[in-house]
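To start, the structure itself, in structure tokens.
The values are calculated or read from the model by the stated rules, or taken from the named source; none is laboratory data. Computed from a prediction, not measured in an experiment: that's the story for all the values here. Counting neighbours? That spans all protein chains shown, and the Cβs are built from the backbone with ideal geometry, glycine included. In case anyone asks, the SASA skips ligands and DNA or RNA and just uses the protein heavy atoms, side chains included. Shrake-Rupley method; radii C 1.70, N 1.55, O 1.52, S 1.80 Å.
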Amino acid sequence: QVHLVESGGGFVQPGGSLRLSCTASGFDIMLYDMAWYRQTPGKEREFVARSPPPGGPEVYVDSVRGRFNVVRDRTKGTLYLQMNSLKAEDSAVYYCHVPTLGAWGQGTQVTVSS
């Protein structure tokens, strides 16, 4: 059974960093496209970053390119989203997604505020 669990969210000041984790079970993360999305109240869920299987191009939404980075750890079955130079507009619930499996995690809240 496919299962995704996000963690690592929290409260951080502008300019700070957080690392989100998406721990997967039920499939080999190295074989599938995986992605991060985020959502704020009253808005559509927004694509943030795509992590392809090894060898493919990573894709980032313009607003986070150069600040966010996706990394996979096969030994831990985990996809990470390293977020640096955080801004207030990065505040959202962040979700892990595997498009071809139709799987979503439960989300983790990130709040960036002074």
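For K87, the solvent-accessible surface with a 1.4 Å probe is about 80 Å², rounded to the nearest 10. Each other residue within a Cβ distance under 9 Å of L79 adds +1 if Lys or Arg and -1 if Asp or Glu, for a net charge of 0. A probe of 1.4 angstrom, applied to the heavy atoms of all protein chains, finds D28 with accessible area near 50 square angstrom. Compactness of the chain was expressed as the Cα radius of gyration divided by 2.2 N^0.38 Å, which yields 0.99. Taking a Cβ cut-off of under 10 Å around R50, the surrounding Lys, Arg, Asp and Glu residues balance to a net charge of -2, with basic ones at +1 and acidic ones at -1.
Accessible area ranking (1.4 Å probe, heavy atoms, ligands and nucleic acids excluded), largest first, for R74, R50, R67: R74, R50, R67.
Restriction of the GluC sites (Glu not before Pro) in the stretch 1-94 to DSSP coil positions whose beta-carbon has at most 10 other beta-carbons within 10 angstrom yields E44.
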